[in-house]
Amino acid sequence: MSEASDAARLAGETRALREELGASVVIAAHHYQRPEIVALADFVGDSFMLAREASRAKAEFIVLAGVRFMAESAAILAQEGQKVLIPDPAAGCPMADMIDGPGAEAALEAIAAVCEAPVVPVTYMNSYADVKSFTGAAGGSICTSSNAATIVDYHLSRGRAVFFLPDRNLGQNTAAAMGIPEERVFTLRKGGKIEGLGDPKAGRIFLWDGWCHVHTNFTVAEVLGARKRYPGLRVIVHPECEREVVAAADASGSTEAIYKAIRESPAGSRWAVGTEGSFVSRMAAEFPDKEVMHLRVATCFNMSRIGLSNLHASLASIKAFRASRSPLCFRVDVAEEHRRLASAALRSMLDIVEART
Ligand code: SF4
């Protein structure tokens, strides 16, 4: 049998299994997932939408087709009795690995020692439960790339300074978009050194020096080169890209914002997109009336760990669990010591966004 017919058979079997499980299951897929996974999903979104929809889901089982921190967030927000599964528990995120709870606590102490204003953490969704729990304990909030400015502004407007972690680029791009002067933005380097142009006493944002290897490698030369090669082209990038790349691009925005900008652009528009490659390829296929190209092909190998075979295995495990209480594989649990405070930090984000929209 050919590879293509094997894939078609597996897709058919996975769809049949998903239909058999009915309303007991929802499949939530991140935009960066492969097309065959997106085709089977009940909803597709960026990490903010996945967190919000997972918190509203009524199904007993939530299968999160994404990376582990997303499944953890769904598990933190899950209601009593709900179970969250990830088709490949090894789907991690190198950026989320760049800080842990104790490291975040030590950094907050170091910032508090030099900054006059009270400091609260604003933690990017791309972090693990221990860091989200630290955030809740310190009175801070989670954010995503679609609401980082809203969450940061909420805390700054209350006279606080913000410790933004773990993505330096998102923090820096957010600060620039909010018009915060450069001399009031600082970066914590390895070893605890706080670097910046001004006096950290008057600091407003302190950035952890983490990055996403998928986004941080786009360059200004690629932006300029694409524009030169394709007249009329617009370049749109994700704010996890370096500051100068975002400044050189025509637009930047969260995954959802990029999707919306391209979907709503007139037929014949030309776009080069600086973000994860599967997502760019999917938009090119979904919007054939526009020309959508990769600024450079950049794949998140962790996202691509989710495929039909492990999605099928997750659904099969749910079926076996329901039939005979056999062990549920691929389940994501969050240690009780982290759940309550991590949930407070996530709920803080949902509440702030809801109150401001
Ligand atoms: S794209 Fe980057 S931030 Fe997102 S999951 Fe992959 S490595 Fe992590």
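The values are calculated or read from the model by the stated rules, or taken from the named source; none is laboratory data. Keep in mind the model is a prediction, meaning the values are calculated, not measured. In this analysis, Cβ positions are derived from the backbone assuming ideal geometry, glycine residues included, and neighbour counts consider all displayed protein chains. Note: accessible area is taken over every heavy atom of the protein model, side chains too, but ligands, DNA and RNA are not part of it. Shrake-Rupley method; radii C 1.70, N 1.55, O 1.52, S 1.80 Å.
So here's what we get for this one:
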| quantity | calculated |
| --- | --- |
| Chymotrypsin sites (Phe, Trp or Tyr not before Pro) lying in DSSP loop within region 301-355, provided at most 11 other Cβ fall within 10 Å | Phe301 |
| Note, ³J(HN,Hα) from phi for region 264-276, Karplus 6.51, -1.76, 1.60, rounded to Hz, x at Gly and Pro | 8, 6, x, 3, x, 5, 10, 10, 10, 10, x, 7, 4 |
| Hydrodynamic radius of the chain per Kirkwood, over alpha carbon pairs, in Å | 21.1 |
| Amide proton proximity set for Met293, modelled H, under 5 Å, gap of 5+ | Trp271, Ala272, Val273 |
| Förster radius 22 Å - calculated FRET efficiency between Arg270 and Ala4, Cβ distance, rounded to 0.05 | 0.10 |
| Largest to smallest accessible area among Glu264, Glu60 [probe 1.4 Å] | Glu264, Glu60 |
| Exposed trypsin sites (Lys or Arg not before Pro) absent - longest run of the chain, DSSP non-H/G/I/E/B, at most 13 other C-beta within 10 Å | 194-324 |
| Prolate/oblate/rounded call for region 174-220, Cα gyration tensor, a/c under 1.5 rounded | oblate |
| Chymotrypsin sites (Phe, Trp or Tyr not before Pro) within region 20-114, DSSP loop, no more than 15 other Cβ atoms inside 10 Å | none |
| Computed magnitude of the charge dipole of region 73-207 (debye, nearest 20; Cβ of K, R +1, Cβ of D, E -1) | 180 |
| Listed residues His213, Pro231, Gly198: farthest to the positive end of the dipole of region 164-246 (Cβ charges) | Pro231 |
| Alpha-carbon spread of region 220-294, three principal axes, descending order, Å | 30, 25, 19 |
| FRET efficiency estimate (nearest 0.05) - Cβ-Cβ, His213 to Ala106, R0 35 angstrom | 0.90 |
| Cα-Cα over 28 Å, subset of Lys58/Lys290; Lys193/Lys260; Lys58/Lys132; Lys132/Lys319 | Lys58/Lys290; Lys193/Lys260; Lys132/Lys319 |
